[in-house]
Amino acid sequence: MINKYTLQFIDNAIEQKYQEYQLQMKRKPILQKVIMMTFLIIIAKLIALMINFSLKDVYSTIGYLVVNMVFILILKFQPHLIRWILIVINYGVLIFYYEPDEGKTQYKHQLSSALIVSYQFIVMNTGEFIDTLVQVISFYAFYLAYFIEYQPDYSVSLTLATFLLSFLLIITFYENASAERSKFKLTIIENKWDEILQNMIVEPCVIFNYNYLKSSFILKKSIDFIYTIESTVELKQFLRNSIVNQSQKTNLENFIYKKVQQLNKDNIQIWNQKLTIVYLKKVHNIYYSILSDISPIILIKVKPFKFSKNESELEDKYQYKYKILIKSILNQFKLISQKQFPNLNTIFKISMYHYLHEKIEKQIISFIKISKILNQLQLIYPQKQITIENQQKRSTIFGHKNLLYLVLMEVFEIMLSKQIHIRIINSESSTKLFIYGILIERAQEKLTSRLFYYQSNLEALEITNQYVSLVLKYKLQSFN
C-alpha cells in the first residue's frame, strides 16, 4: 500500500528497496553528471584565467574545485546523502539569479534563468514527491518575490498565472511519482511471482516469458524437458522448428505469439491447453499455459506416460505431496486474507487447476457439501462475492467433487460481475445449478468452448448473458 499524501510505501522494507533503486538508477547518475559538468566549468575557467587573469575568477574556480571534491567523497563514501545534496545544489544555484540585470548582460541573465529552471526540474525529478512539493513552492515564491522587488508595477494576472502554474507542476510531479512507485511495486510482485512459480513446478517443463520491449521470448527455466533447452537461443530454435498446423506450416513460436496478443486484449489466462506438435519428425502432445501479466509467462509441459504398478505408487506419493503443497498455500491465503496479492492468487488458481485436472481421471463419487466448495472457491476468487440461497446452504450433492470444482472455476474465471449468486433446483435423478452473473458475447463463446471438455458429465448446459445453468447427473439430498 502507498500513502496517498506522501506517496511513500507503508511497508518499510519495500520503501527501503525503492530508495535503493532510486539511488542506483537516478540519484547516483545525476550526481556523476553534475561532477562532470563542474569539471568542465573548472577547465573553462582555467582557460579564461590564462587569457585574462581575474582574482574573482580565481576564487570561483577554487570554490568549484572544492565543491566538486566534496561531491566525489559523498558519492564514494556516503551515497545515502545524495538525495539531500541534490536538494542543496538546487537551492544553491539560486545564487546566480542575483547577478545584476544591466543592459549589456540582459540576454546573459535571461539564458542563465532558463538554464537554472531547467536544471532544477531535472533534479526534482530524481527526488521524492514531498521534496519536490517543498521545492516547487519555495522556488516559485522566490521567483515571484524577486519579480515584485524589481517590477513594482506587476500585474495581478501574472501572479495568478504563477500560482496556477505551480499547482499544475505539483499535480504533474504527483502523478509521475505515483506511476513510478506503482510500476516499482508491480516489478517486485512480478519478480516474486517468477521465483515462486519456478520453485513450485517440479514436473518436466520449460518456462519462458514474452518481453514486449524486445518483442521476443526469453527463457526463464527448463526442468527435465524432453529436449535440452538451456538458453534463449535453444528455446527459439525449439519454438520455430515445432510445427503446430501441418497444412499451414504454422510454427509454435507464431502460435504462442498470437495467443499472447489475444490474451493481452481479453485480459484472461490460458490453463493447461492440449496441443499436438511435430518436432524433428516426432509427434508430441504438449500442454501449454499462458499467464497474462506485464510480461506474460508461458509454461509448456509434456503429457506424462502411463506408469507401471511401481511407478503408479510413486505417482500416488507425488500426488499426496502435491496436495499437501496446495493445502499449505491455502493456509497462507487464510492468514493473509486481509491483504491483496493478485499474482500469488493467480499462482494458487493455476496450481489448483492443474491438480484437479490430474485427479479428474480418477474420479470418485462422494457426497459434496456445497457450502464447503464455495468457501474454498471464495479464497481463490477473493474479488468476487459468491452467495447461495439460504435454504440451500447445507445442501449436499452426490457426485464428482473435482469435476464440480473445475466447472465452477471455469465459470467464475470468465464471468465479469463481482457478485455471483447460485441457486439449486433438485429432482430425483439430477441437480440443476443456476449461476447468476454477467457474461458478454465473447465471454459466452469462450465459456462454451471451455465447458465442452466436461459435457460428457453434464445432461444440459445453457449459457446466457445473465446466468449459466448446469444439469448434473447426480442426486441432491438436504440434511437438516
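The values are calculated or read from the model by the stated rules, or taken from the named source; none is laboratory data. Treat the numbers as computed from the prediction; the structure is a model and nothing was measured. All Cβ positions, glycine included, derive from the backbone under ideal geometry; neighbour counts span all protein chains shown.
List of remarks:
- Check on Glu410, at pLDDT 85 or above and either within 16 Å of Leu377 (Cβ to Cβ) or in a helix (DSSP H, G or I) (or both): yes
- Remark: Ser112 falls outside the filter, which requires a residue to be assigned by TED's automatic domain parsing to the domain that holds Gln32, at pLDDT 75 or above, on the phi < 0 side of the Ramachandran plot and among the small types (Gly, Ala, Ser).
- Tallying residues that are modelled with pLDDT under 80 and buried (at least 17 other Cβ atoms within 10 Å of the Cβ) within the range 359-372 yields 2.
- Count of the range 448-480 residues which are polar (S, T, N, Q), part of a loop (DSSP other than H, G, I, E, B) and either at pLDDT below 75 or in contact with an Asp or Glu (Cβ under 9 Å, 6 or more places away or on another chain) (or both): 2
- Pair list, Cβ < 7 Å and 6+ apart or interchain, from the range 179-192 residues that are over 12 Å from Phe9 (Cα atoms) to residues that are at pLDDT 70 or above and not basic (Lys, Arg): Ile188/Ile14; Glu190/Ser295
- Strands (runs of 3 or more DSSP E) fully within the range 163-278 counting 3 or more residues that are at pLDDT 80 or above: 205-211, 216-223
- Put simply, of Asn375, Asn402 the only residue that is surrounded by fewer than 14 Cβ atoms within 10 Å (Cβ to Cβ) and either at pLDDT below 85 or not in a strand (DSSP E or B) (or both) is Asn375.
- Of the helices (runs of 4 or more DSSP H) entirely within the range 4-83, those holding at least 2 residues that are touching a strand residue (DSSP E or B) at 6+ places or on another chain (Cβ under 9 Å), surrounded by 12 or more Cβ atoms within 10 Å (Cβ to Cβ) and at pLDDT 85 or above occupy 12-22.
- Residues located in the range 381-395, provided they are at pLDDT below 80 and crowded, with 16+ Cβ neighbours inside 10 Å: Gln392, Ser395
- In the range 118-162, residue farthest from Val88 (Cα to Cα) [restricted to those that are charged (D, E, K, R) and part of a helix (DSSP H, G or I)]: Glu149
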